[in-house]
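The values are calculated or read from the model by the stated rules, or taken from the named source; none is laboratory data. Predicted model, so just to flag it, every value in this text is computed and none were measured. Virtual Cβ from ideal backbone geometry, glycine too; neighbours counted across all protein chains shown.
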Amino acid sequence: MADAVAPGTTLLAIGTKKGLWLGTSPDRRRWSLSGPHFLMNEIPSIGLDTRDGGVRILVGARSEHFGPTVFHSDDLGASWTEPENGAIRFGPGDGAAVERIWQLQPDSADRPGVVWAGCEPISVWKSTDGGEHFELNRGLWEHPDKDQWGAGYGGAAAHSILPSPADPDTVHVAMSTGGVYRSADGGQSWQARNHGISAYFMPDPNPEVGQCVHKIARDAGDPRRLYAQNHHGIYRSDDNADTWVPIADGLPTDFGFVMLAHPRRGGTAWIVPIKADGERIPPDGRLAVHRTDDAGASWLRLDDGLPDHEFNVVLRDAAAVDTAEPAGVYLGTRGGSVYASADEGAHFAEVASHLPDVLCVRAAVLAGS
């Protein structure tokens, strides 16, 4: 994987319960895979940073013996670097230890070196040196709502971090459980932003704090528009998360984990429905992706190339889009299959099979070297 790559090569990173696999393709149809890297390490988070024309692969790895850390590679996985003493560590007075790194999110192109991380216990961290060292965001860690946050089924996760490309002071975070929070001052302070999201299973079905939002994504055409996949419920906000409206009409179910937005075209997003919280399988045992091209007013079912019989689900970060034209869509299942589409989900082909549980998928088009 350290050989030079041609411009336009697509890199596909697959994080699993037992290691990392890396793939490259010249056309998003023929794939060459390498791995496993970090065998027997859980890989719940991956960041692909292409802002300087190259690519830095950031991996949030978790060893049952050594715990979690962030590794990075600047040579397509031929070698890996772990910062001395670890990249993400609580201080001696914080009374906590990092359990899992759920999210690694490079900021926008005009903020080079800035990378965000979301962790368990619920916390947000920021790096200004490309992901080598992270600083705890005190505004969220010491938030007065903190005692109302809890652990989702998989753990207490700060799983989505969306820095606004239009405003360096605006950042959105989503957590399970806790809901959506927004900072308007670069992370110094945070406010809950869950008005309109329903939690029918709680004593108060419309809580401002304590929501179990599964994933959020930002619209490419309007940075104030966001999409959310909730624990039952799919929503859109047109006002920077001040209010949310349901957009699940026309879907077979409103439960799931995935929420993806198109990298360039406004109004386009993808979800992967799951039957229900109590029956975590694809509806009717048939895996399908659904895409909207009108911000949730209507949805199109896409299943060409996906299996007719599939009882494994796609987790929240086990799906991704690339920046090619047309955009590629990628997803991996808990059964270890990974599928790729080079035409925005119209047709899929299996890239890998019989891997361990797929936890995280990321894809990027490389400038070449």
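Overview of results
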{"item": "The lone exception for residue 270 - which of (1) free of Cβ contacts under 8 Å to residues at least 40 places away in the same chain; (2) assigned to a strand (DSSP E or B) it fails", "result": "(1)"}
{"item": "Residue among 216, 234, 247 that is touching a residue at least 40 places away in the same chain (Cβ under 8 Å), crowded, with 23+ Cβ neighbours inside 10 Å and over 26 Å from residue 156 (Cβ atoms)", "result": "247"}
{"item": "Index of the failed condition, residue 89 passing every other in (1) touching a residue at least 40 places away in the same chain (Cβ under 8 Å); (2) of a type in the set (Lys, Arg); (3) over 24 Å from residue 321 (Cα atoms)", "result": "(1)"}
{"item": "Yes/no for residue 71 being surrounded by 15 or more Cβ atoms within 10 Å (Cβ to Cβ), at pLDDT 95 or above, assigned to a strand (DSSP E or B) and not polar (S, T, N, Q)", "result": "yes"}
{"item": "Residue satisfying condition, being out of contact with any Phe, Trp or Tyr (no Cβ under 7 Å at 6 or more places or on another chain) and closer than 17 Å to residue 353 by Cα, within set 305, 328, 335", "result": "335"}
{"item": "Residue match in segment 309-318 (condition: of a type in the set (Lys, Arg) and without any contact (Cβ under 8 Å) to a residue 40 or more places away in the chain)", "result": "no"}
{"item": "Residue satisfying all of: in segment 158-182; of a type in the set (S, T, N, Q) and surrounded by 24 or more Cβ atoms within 10 Å (Cβ to Cβ); nearest to the chain's Cα centre (by Cα) among these", "result": "160"}
{"item": "Residues satisfying the stated conditions in segment 70-80, i.e. under 24 Å from the mean Cα position of the chain (by Cα) and touching a residue at least 40 places away in the same chain (Cβ under 8 Å)", "result": "70, 72, 75, 76, 77, 80"}
{"item": "Tally of residues being at negative phi and part of a strand (DSSP E or B) across segment 1-47", "result": "24"}
{"item": "Condition met for residue 301 (assigned to a strand (DSSP E or B), at pLDDT 95 or above, of a type in the set (D, E, K, R) and closer than 19 Å to residue 34 by Cβ)", "result": "no"}
{"item": "Residue 197, sole failed condition from (1) surrounded by 18 or more Cβ atoms within 10 Å (Cβ to Cβ); (2) closer than 28 Å to residue 127 by Cβ", "result": "(2)"}
{"item": "Condition check for residue 68: touching a His at 6+ places or on another chain (Cβ under 7 Å) and not polar (S, T, N, Q)", "result": "no"}
{"item": "Residue identified as surrounded by 21 or more Cβ atoms within 10 Å (Cβ to Cβ), over 21 Å from residue 174 (Cβ atoms) and either among the acidic types (Asp, Glu) or modelled with pLDDT under 95 (or both) among 357, 322, 317, 293", "result": "322"}
{"item": "Residue in segment 296-308 that is surrounded by the most Cβ atoms within 10 Å (Cβ to Cβ), counting only those that are closer than 18 Å to residue 254 by Cα, in contact (Cβ under 8 Å) with a residue 12 or more places away in the chain and of a type outside the set (Gly, Ala, Ser)", "result": "299"}
{"item": "Segment 132-186, residues that are among the small types (Gly, Ala, Ser) and assigned to a loop (DSSP other than H, G, I, E, B)", "result": "150, 151, 154, 156, 164, 166, 184, 186"}
